[in-house]
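The values are calculated or read from the model by the stated rules, or taken from the named source; none is laboratory data. Not measured: the values here are computed from a predicted model. All Cβ positions, glycine included, derive from the backbone under ideal geometry; neighbour counts span all protein chains shown. Just the protein is used for accessible areas: all its heavy atoms, side chains included, with ligands, DNA and RNA removed. Shrake-Rupley method; radii C 1.70, N 1.55, O 1.52, S 1.80 Å.
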Amino acid sequence: MYRDRLALVSFLVSVFVGAQGAKTSFRPRNCTLQCVHQGTPGCEYCRISKEDVQSTLGFTSAGLFGGCVPWPCPSFLGQQTPEICQHYVHAPQNVTIKFVDDPSSKYDTVVVSWSPSQYGVAFLRGFQVTLQALGGTQISCQLFLIQNNLSLAAAHVHRVYYSDSFSHLSLGTQYAVTVMALPVPELWDKFYHNELFFTRTCPEKNGLEHCKKDWYPRHVEVHQDSQDIVVTFNLAPENLGISRYFSACFGGGSRSYEIIHPDFSVNSTHHTYRLLNLHTGTNYTCEIAADIVDAVRKTFFVQVRYNLKEYSALHKEAPSLAVILSVGVLLTASLAAIFVILCQKRLRKKKAKTEIRPDIIEEYYDKHLEEQQCVVLTNSTRPPELLICYSSNDGPAHVRVVLKLATFLQRHMATQVHLDLWDALNIIEEGDLGWYCKRMKESDFVMVICSRGLNQKQQSRRKEEEDDPAENTSLAIIAIIAEEICRAKALGQDLSKYMTAIFEYSKQSDIPSMLNLVSNYMLPEDLPLLFSHLHAVALQKPGAYLRVENISENEYLKLPAGVALHLAIQEAKILITG
């Protein structure tokens, strides 16, 4: 019974001591090395200065203490009790870095805290704390000793010891703090604990409105006014002294840069400016920042949309395009119905056969046609493959026309079209030039869309200037095609694989002279001739005329893809030729 009570009392005492230890924190006091050795009251946990070491031990400590090298135990602990230096103490635990208030807006201050390890705690005599800037030369050391006649128990591992403040730390910098347990015998590598941390950045410590180098416009509003993009952003506070800003935009192979001088007398908090000369339909990535070194930039995205009101204003004296298309579609449908009736009557009277390529006869022809033969397009088992080459130097409107043409050819002219805009993944894998060369070899036909921009680039290629990589690729492809044409011509081979085409807003003079040896088509007027070229079908024969459904004359406007092609051509005509 007595033993049970004694065990209970011992347990309660240990719990009480542990609880007290958990709540105890120790901050260093101003006391001397002699006070620590003599065990004077009030010297339980002391900071030791370099001057005190020099005066007490009689030698300069710059080489050891100043250099943050752990002191040999006998030099300051083992003079009176040499046996203490024979024991091992494990590294501290729970190392924590805490930021404290610093009146300076340029620097930070921290305090380090830790708890002793339970292994070897009875022989613990002090700590050394080192703080160093990673990648720099800044280093600081602090030495703390525990009173000689004070022996810690296992219950004291919950104590929290604090260092002095480490001040004058640069903002936004990474530091390493090392807490070492003393004594440090030889051949012992578990006496310290490392922690890495970053000091606070200027915005974290002082707020963004007080940091000139870190400030950037937080609020940016963008809207379109006619063909211009209007941007409004918040200005920097007056105390930062920022009076000038810059804006840069990238997109469509071009770059614009603008210096902004706000008028603070009009508005001291916000400023509005315009982004001019941006191409319609092009996506732009824009940045705005204070015009200072290493300023933080605010990124926003812009797309200039085509203004239908302006397009309508250009044609306000002419009938509406939608009305014209509607009337045209109705008339075309009526004529087509009349033509079909007449065609059926004539088929009953005469049945003429025309010798044409067998696969085309099976796929596209009505087999009992006479003077005016009709071609009905269906899915071909193996449509001809066509590679389209073009230049983007004429702007996004021209590229849009090429895209609409490729769509029309693939949907309604039984042709497999290869276009770089449709095969971005393979272009990334094979490279621009590799992709074009491979498709040129695999395709049955190669068509070069000639334009003013293509011809100008071809003529100025010898000048030493920095070009858009995409334009350099298109010029290289044109040169390769021209070389293949000249080689085939010299060998007397067929040149039908290659052809050129221009749209209504281009001229015959826009065709490079090296490509004049091959067939040329004016689109969309020559769509039937292009169909004849791709499928090797004669449009006219004795006693017969071939009419291609939805392609001949202006019948392509009956199709949605044809209307889209027509609108794209008209828009490009307005933007390119004015």
Mind listing the phi-derived Karplus ³J(HN,Hα) values for the range 554-568, rounded to whole Hz, using 6.51, -1.76 and 1.60 with θ = phi - 60°, and x for any glycine or proline? 9, 5, 5, 6, 6, 9, x, 5, x, 4, 4, 5, 4, 5, 5
Residues whose built amide H sits under 5 Å from the amide H of TYR498, excluding neighbours closer than 5 in sequence, are VAL446
Can you give the relative contact order of the range 117-258 as a percent, counting alpha carbon pairs under 8 Å and 6+ residues apart? 17 percent
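Output the relative contact order of the range 499-578, whole-number percent, from Cα pairs under 8 angstrom with separation of 6+ residues.
On the way: 63 pairs, mean separation 21.8, N = 80.
Computed value for the range 499-578: 27 percent relative contact order.
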For the ILE574, GLU195 Cβ pair and Förster radius 45 Å, calculated FRET efficiency rounded to 0.05 is 0.10
Could you please state how large a percent of the accessible area of the range 157-313 is carbon and sulfur, counting protein chains only and using a 1.4 Å probe? 48 percent
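Please give the peptides 230-237, 412-419 ranked by average Cβ packing (other Cβ atoms within 10 Å per residue), highest first, as a rough proxy for protection. Intermediate results must be reported in sequence, preceding the final value.
Working: 230-237: 17.9, 412-419: 20.0.
The peptides rank, most packed first, as 412-419, 230-237.
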Order by protection proxy (mean Cβ within 10 Å, highest first), peptides 99-106, 241-248, 281-288: 281-288, 241-248, 99-106
Reported to two decimal places, what Rg/Rh ratio describes the range 497-578 when computed on Cα atoms with Rh from the Kirkwood expression? 1.01
Of 516-525, 497-506, ordering from highest average Cβ density within 10 Å down gives 497-506, 516-525
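Between HIS279 and LYS212, what FRET efficiency follows from the Cβ-Cβ distance if R0 is 35 Å, with the result rounded to 0.05? Let's see the in-between values first.
Details: r = 36 Å, r/R0 = 1.01.
Calculated transfer efficiency: 0.50.
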Set the Förster distance to 25 Å, then compute FRET efficiency between LEU342 and GLU525 from the Cβ-Cβ distance, nearest 0.05. 0.45
